[in-house]
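**Q** Sharing a structure, written as structure tokens. Questions coming.
Read-outs throughout are calculated quantities, based only on the coordinates presented, and are distinct from any laboratory measurement. Only a predicted model underlies this, so the values are computations on that prediction, with no experimental measurement involved. Positions of Cβ are backbone-derived with ideal geometry, glycine not excepted, and every protein chain shown enters the neighbour counts.
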Ligand SMILES: NC(=O)c1ccc[n+]([C@@H]2O[C@H](COP(=O)([O-])OP(=O)(O)OC[C@H]3O[C@@H](n4cnc5c(N)ncnc54)[C@H](OP(=O)(O)O)[C@@H]3O)[C@@H](O)[C@H]2O)c1
């Protein structure tokens, strides 16, 4: 089967490409670095010719409100139009658990717009919403940093390792379209503030975590249920401790 992975050079994309190639599928890792650009359209129709499955794992180079919206809308429109011409039978995209609960933030408005375009496209699809990647904890810490303190809510979080995300995406790509949204999540639940404190300590980072119920998550207010799945998620196997042990950091 020919499978095109848009964003196939990224964190999740490259791991997904590896998994599918090991199962002997013809896999195209499509991204600007390999000559395929969903914004300009460069190389898109050539990459999609003969493809049965397209997995969209691209991310916006900017998380700023307007840029993220422009990216996901333009990329989504161009990609879905090219898939119609190519006769693609299954479109898969990776989104975020709680996207609809985090609409104070422009990036999540853009992810919801991406999901809407897929649902309205008429192409059979599976949207996979994931909780935060363990690899994203550094980004969360950065976003909450003021001076030498990291301001974070104590809302629940259930992070997932990128290897578990790629396993799930590869499985979805080889199955039938759900024409629905499914969710994936890590195996353990933590308080966000405690998790980031553990992460910082493990990297020898001396910033202290200040628990602040009012602290925004990339501009969005959190409650205990904002970031965790309430939709019978598929659970990853890799625990936070295992990930810490096996992942080289900074
Ligand atoms: N971070 C999280 O915790 C989290 C949680 C749930 C879901 N997600 C979602 O997961 C997805 C993948 O994230 P990631 O961290 O794996 O991304 P990433 O490592 O930043 O990779 C982004 C990929 O997008 C590609 N790309 C950028 N502009 C493109 C364009 N114009 N046309 C085609 N490809 C383009 C990049 O290609 P080049 O290498 O060529 O630039 C790269 O391959 C995102 O959609 C994100 O919303 C993230």
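**Q** Give or take rounding to whole Å, what are the principal axis extents of the alpha carbon atoms in the chain, in descending order?
**A** 52, 36, 34
**Q** For segment 120-151 and segment 207-230, what is the separation of their Cα centres, given in Å?
**A** 12
**Q** What is the diffusion coefficient of segment 1-94 in µm²/s, taking the Kirkwood radius over Cα pairs and the Stokes-Einstein relation at 20 °C with a viscosity of 1.002 mPa s?
**A** Result for D is 164 µm²/s.
**Q** Using Cα pairs closer than 8 Å and at least 6 residues apart in sequence, work out the relative contact order for segment 105-250, in percent. Write out the running numbers ahead of the final one.
**A** Working: 226 pairs, mean separation 48.6, N = 146.
Over segment 105-250, the number comes to 33 percent.
**Q** Considering only DSSP beta bridges where both residues belong to the chain, give the percentage that are antiparallel (nearest 5).
**A** 15
**Q** Could I ask something else about it? Determine, for 210, 241, the number of other Cβ atoms within 10 Å of each Cβ, and report the residues in order from fewest to most.
**A** Exposure proxy ranking, most exposed first: 241, 210.
**Q** Over what distance in Å are the Cα centres of segment 1-79 and segment 168-187 separated?
**A** After rounding, the separation between the Cα centres reads 17 Å.
**Q** Please report 22, 2, 111, 119 as a ranked list, fewest other C-beta atoms within 10 angstrom at the top and most at the bottom.
**A** 22, 119, 2, 111
**Q** Averaging sequence separations of C-alpha pairs under 8 Å and six or more residues apart, then dividing by the length of the chain, give the relative contact order as a whole percent.
**A** 19
**Q** For the chain, what does the helix formula give at 222 nm: sum of -39500 (n - 2.57) over DSSP H segments with n ≥ 4, over the residue count, nearest 500 deg cm²/dmol?
**A** Mean residue ellipticity at 222 nm (helix-derived): -11000 deg cm²/dmol.
**Q** Now for a different question. Normalised by the number of residues in segment 167-244, what is the relative contact order in percent for Cα pairs under 8 Å and 6+ residues apart?
**A** 48
**Q** Something else now. Regarding segment 124-182, what's the average projected area of the Cα-atom convex hull, expressed in nm²?
**A** Mean shadow area of the hull around the Cα atoms is 5.0 nm².
**Q** For 211, 27, what's the fewest-to-most ordering of other Cβ within 10 Å of each Cβ?
**A** 211, 27
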